[in-house]
Each structure stands twice: as structure tokens, then as C-alpha cells.
Amino acid sequence: MQILKLGGSVVTHKDEYMSAHTENIKRIAKEIAEAGSYPLIIVHGGGSFGHPVAKKHRIAEGMVDKSQIFGFSETHQAMVKLNEIIVDILLKADVPAFAISPSSMLYTNGKRLNELDTSIVKEYIELGMVPVLYGDAVLDSEQTFAILSGDQLIAQLSNDLGADRIIFASDVDGIFTDNPKLNPDAKLLKKVSVGNIEANVGDTTHTDVTGGMQGKLSEAAEAVKGGADVIMVNAFEAGRVKAAIRGEKVIGTFLTL
Ligand code: IP8
């Protein structure tokens with residue numbers, strides 16, 4: 001079983017409020033269909049849908065004021081809208097996608113997922129479907145509500161369901177020796193041990209309420225420790241998502257123990 005994370009920078013125009021990157025989503029959907037490698041779970045990030053809304057209403061900090069409940073709902077709605085666009089495109093591309101809303105099946109405890117009932121996800125997989133989940137605004141037992149990142153969800157799904165491979169698709173080739181957006185001499189690292197990650201991936205945290213790339217790496221480390229192969233690829237380069245799903249040689253960074 002594989003899990004594909006479609007980062008917010010891949011499925012949305014990050015600098016345009018609530019603007020889906022339909023062109024990218026269509027190409028990637030086609031690559032997924034062509035790869036034809038199932039079982040597969042897709043998890044997508046929030047990008048310019050979930051993050052700006054969550055930030056405006058300070059949802060990640062939990063409930064401090066009752067008026068935030070509208071913002072909590074709006075954050076979830078933003079994610080539902082993005083999820084609908086993605087699932088519609090996947091279905092048109094012949095990927096048997098099925099939308100699953102994380103906030104309807106789980107809650108966090110102090111921003112962390114502790115127990116996750118994966119039986120529903122498992123049943124959809126057994127039916128031959130591709131569950132499509134996402135980072136979401138969720139109930140939290142300590143702070144009333146919280147933002148669950150798609151990456152945290154992936155780490156837990158991977159460990160509970162025994163995923164063989166996780167593919168993190170983003171807008172960068174992987175992890176570099178220096179920030180590639182500032183230093184043209186920065187070199188891509190083909191392998192990085194999760195024990196000594198000092199990521200140089202550029203600043204992706206400007207609107208991310210869930211910690212950007214650093215947050216992603218610490219969640220990915222959990223999945224690596226759980227036994228999954230983890231690879232980071234650039235989804236803006238045609239063919240890389242398809243090759244990664246097929247387990248072929250591809251430009252990217254492998255995370256190891
Ligand atoms: O982009 C966060 O998911 P992420 C989703 O995977 C929301 O961190 C609701 C901001």
C-alpha cells in the first residue's frame with residue numbers, strides 16, 4: 001500500500017486566495033491513473049484554501065472565543081471545497097477516488113492524533129477505491145478544536161495500516177544542502193537520515209499554520225521509523241509522481257532511518 005501526499009503548493013496557487021491549481025491536479029490525476037498501482041491513499045494539504053482561513057480565525061490555537069466557531073466551520077468548508085475539486089478531477093481521470101472527511105472520523109488531543117480508527121479507510125481500500133483525505137479543522141479534547149495537518153494524518157495512517165511507501169509531492173525536488181531558492185549552488189541530497197534532518201528546503205512556512213516543511217519532515221520521520229519508504233518528489237516536473245508510484249528510479253530525496 002502506498003500513500004501519496006499532494007502538498008498545498010501542488011494543488012493550489014499558494015499566493016492566490018482559494019485558487020485550485022487545476023492544471024497540476026489534472027496532470028497528476030492522469031499520472032496516478034497511468035501508474036495504475038493500487039492500493040493507494042491520497043492525502044492533500046490546505047494551500048491557499050485551508051491555511052489563510054485557519055490563520056485569520058486562529059483555529060490552530062484552539063477556541064479562546066465563541067465567535068471562532070464560524071471560522072472553524074469556514075476552515076473545514078474551504079478544505080471540503082478543495083477536496084471536491086480534487087476528487088472530481090481524479091474520477092474524470094479514471095481514478096476510483098472517494099472523499100473522506102477527517103473531522104468526521106477523528107479528533108486530536110492537544111493537537112496530536114492519538115488513536116485513529118482506520119477500519120473505514122481500510123474498507124474503502126478493500127473495495128478497490130482510493131480514499132482521498134486532507135488536513136482538516138478537527139475537534140480537540142484539550143483546546144476544543146485544532147488544525148490537523150495532512151502530514152500528521154499520513155504518519156498515523158502509514159503506521160496503522162502498514163504502508164510500504166509514502167510519496168510526498170511538493171514544489172521542490174527534495175532536500176538540499178542549502179536553500180535552493182536563494183543559493184543556485186545548492187545540491188539535492190538523494191538520501192537523508194531522519195536522525196539528522198536540518199532541512200534546507202526554502203521557506204514554505206509563510207502561510208502554513210501547521211509548520212511548513214519542518215513540520216512535514218518531523219511527521220515523515222515518524223513514518224520512516226514505522227518502516228515505510230519515504231520519498232520526496234517535485235510534482236511540478238511531469239512524470240515524477242508516476243515514476244515514484246511505480247517504484248521507478250526518480251529524482252528526489254529518500255528518507256532513511
Ligand atoms: O497543508 C492543513 O493541512 P496541511 C489544512 O497538510 C488546514 O498542513 C485546514 C489548514
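Using the scaling law 2.2 N^0.38 Å as the reference, what is the normalised Cα Rg of the chain?
On the way: Rg = 17.0 Å, N = 257, 2.2 N^0.38 = 18.1 Å.
Normalised by 2.2 N^0.38 Å, the Cα Rg of the chain equals 0.94.
Return the ratio Rg/(2.2 N^0.38 Å) for the stretch 17-74, where Rg is computed over Cα atoms only.
1.58
Give the distance, in whole Å, between the Cα centre of the stretch 42-106 and the Cα centre of the stretch 175-193.
31
By DSSP, what percent of the beta bridges with both residues in the stretch 1-141 are antiparallel, rounded to the nearest 5?
Values: 2 of 14 bridges.
Approximately 15 percent, going by the DSSP bridge assignments.
Is the shape of the stretch 39-132 rounded, prolate or oblate, going by the alpha carbon gyration tensor and its root eigenvalues a ≥ b ≥ c, with a/c under 1.5 for rounded and a/b larger than b/c for prolate? Present the calculation step by step, with values, prior to reporting the outcome.
Values: a/c = 3.05, a/b = 1.56, b/c = 1.95.
Taking the square roots of the gyration eigenvalues as a ≥ b ≥ c, the stretch 39-132 is oblate.
Can you report the principal axis dimensions of the stretch 4-45 using only the alpha carbons, biggest first, rounded to whole angstrom?
In descending order, the Cα extents are 33, 17, 10 Å.
Per residue of the chain, what 222 nm ellipticity follows from adding -39500 (n - 2.57) for every DSSP H run with n ≥ 4, rounded to the nearest 500? Write out the running numbers ahead of the final one.
Details: 8 runs with 94 residues, N = 257.
Result for the chain: -11500 deg cm²/dmol, rounded to the nearest 500.
Hey, fewest Cβ within 10 Å first, where do Ser158, Ser19 land in order?
On the way: Ser158 27, Ser19 14.
Fewest-to-most Cβ neighbours within 10 Å comes out as Ser19, Ser158.
Add +1 for every Lys or Arg and -1 for every Asp or Glu among the other residues with Cβ under 11 Å from the Cβ of Lys111, and state the total. The partial results should precede the final answer.
On the way: positive: Arg112; negative: Glu61, Asp140, Glu142.
With Lys, Arg at +1 and Asp, Glu at -1, the neighbours total -2.
Order by neighbour count: Arg58, Arg165, fewest other Cβ atoms within 10 Å first, most last. List each step's numbers first, then the result.
Values: Arg58 14, Arg165 19.
With the sparsest Cβ surroundings first, the list reads Arg58, Arg165.
No value in this document is a laboratory result; all are computed from the given coordinates. Just so it is clear, the structure is predicted and the values come from calculations on it, not from any experiment. Note that we place each Cβ from the backbone using ideal geometry, even for glycine, and neighbour counts take in every protein chain shown.
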